[in-house]
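Structure, as structure tokens:
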Amino acid sequence: MNRRPVVKIDLDGAGPRRRPDDLAAEEPLEIRLRGEPLAVTMRTPGQDIDLAMGFLLTEGIIRTQEDVVTAQLCAGTDAPNTYNVVEVVLGAHVPPPVTDPSRTFYTTSSCGVCGKASIDAVRTRSPFDLGADRSAVAARTLAELPDKLRAAQRTFARTGGLHAAGLFTAEGNLVVLREDVGRHNAVDKVVGWALREGRLPLAGHVLLVSGRASFELTQKAWMAGIPLLAAVSAPSTLAAELADEAGMTLVGFLRGRSMNVYTGTERVTV
């Protein structure tokens, strides 16, 4: 976080006044493979190794923890050093990522796939069959998750400027939460944590994201073997189509005591 002076204007108050305000941090992170730049993403510093590992997995570059020999933060070329570089060494058995000159590797905090050159480049096939996951979650349990997520968002409480992704058990217990200026980064941090902990696939778990459920977030959940993705806001058409194809349960508008179940309705019990 960064504290800056602001002028607070309240038209119903006593007039403008100067006070400090906390801002959510946003800095670039470069991910390198075998010494070569692969991607630059705008993110909130913290859990950068998890972010890099989750990104590599959800992009289909790695499949298991054993595919990575080392992953470490490097100083980079900035002065003073910001440690905004993660250097990853993959095992000799891991093929290099397929790239082409028409694809850029810069991703913003609001969009993780804006640099993809085509729809085919966006879609990555998951090794996990979610249709075989017969886990179920009570609708009453799902309804309680947004409040649990919000209560655990310590940085959001101070800045109001971060997205969150929370991994829950089917019983509604919070396993891990990550915050970031980018919703896709928050999900990658959760997935990277699970990968490093050796917990993939995340069968029987629920991933809750603040905001909407996009195609990309649905794909990331599929790549991690998560059978149920829930969002506080709406899903997109492509998110619903991909969830249906993957055998995933997709829940949107999870607010208060109501929700919309778009796919995989059999996993939500009433």
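Summary table below
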quantity: Whichever residue in the range 184-208 is of a type in the set (Gly, Ala, Ser) and within 13 Å of the chain's Cα centre (by Cα) and, among such residues, is farthest from residue 42 (Cα to Cα); calculated: 194
quantity: Positions within the range 28-64 being acidic (Asp, Glu) and surrounded by 15 or more Cβ atoms within 10 Å (Cβ to Cβ), in sequence order; calculated: 30, 48, 50, 59
quantity: Pair list, Cβ < 7 Å and 6+ apart or interchain, from the range 162-189 residues that are closer than 22 Å to residue 59 by Cβ to residues that are of a type in the set (S, T, N, Q) and modelled with pLDDT of 95 or more; calculated: 178/47; 189/47
quantity: In the range 209-243, residue farthest from the chain's Cα centre (by Cα) [restricted to those that are in a strand (DSSP E or B) and over 19 Å from residue 135 (Cα atoms)]; calculated: 235
quantity: Close pairs from the range 16-38: first without any contact (Cβ under 8 Å) to a residue 12 or more places away in the chain, partner in a strand (DSSP E or B), Cβ under 9 Å, at least 6 apart; calculated: 16/7; 16/8; 17/7; 17/8
quantity: Candidates 206, 232, filtered to the one that is in contact with a Phe, Trp or Tyr (Cβ under 8 Å, 6 or more places away or on another chain), within 19 Å of residue 259 (Cβ to Cβ) and buried (at least 24 other Cβ atoms within 10 Å of the Cβ); calculated: 206
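Residues are listed down the side, and each one gets a yes or a no for (1) small (Gly, Ala, Ser); (2) in contact with a helix residue (DSSP H, G or I) (Cβ under 8 Å, 6 or more places away or on another chain):
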| residue | (1), (2) |
| --- | --- |
| 195 | no, yes |
| 198 | yes, yes |
| 201 | no, no |
| 228 | no, yes |
| 246 | yes, yes |
| 254 | no, yes |
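Rundown of residues vs (1) surrounded by fewer than 24 Cβ atoms within 10 Å (Cβ to Cβ); (2) modelled with pLDDT under 95; (3) not in a strand (DSSP E or B), yes/no style:
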site: 161; (1), (2), (3): yes, yes, yes
site: 166; (1), (2), (3): no, no, no
site: 176; (1), (2), (3): yes, no, no
site: 187; (1), (2), (3): no, no, yes
site: 201; (1), (2), (3): yes, no, yes
site: 245; (1), (2), (3): yes, yes, yes
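For (1) under 25 Å from residue 45 (Cα atoms); (2) surrounded by fewer than 17 Cβ atoms within 10 Å (Cβ to Cβ), each residue gets a yes or a no:
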{"site": "182", "(1), (2)": "yes, no"}
{"site": "248", "(1), (2)": "no, no"}
{"site": "251", "(1), (2)": "no, no"}
{"site": "256", "(1), (2)": "no, yes"}
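The values are calculated or read from the model by the stated rules, or taken from the named source; none is laboratory data. Being a predicted model, the structure only gives us computed values, none of them experimental. Positions of Cβ are generated from backbone atoms using ideal geometry, with glycine treated the same way; all protein chains shown enter the neighbour counts.
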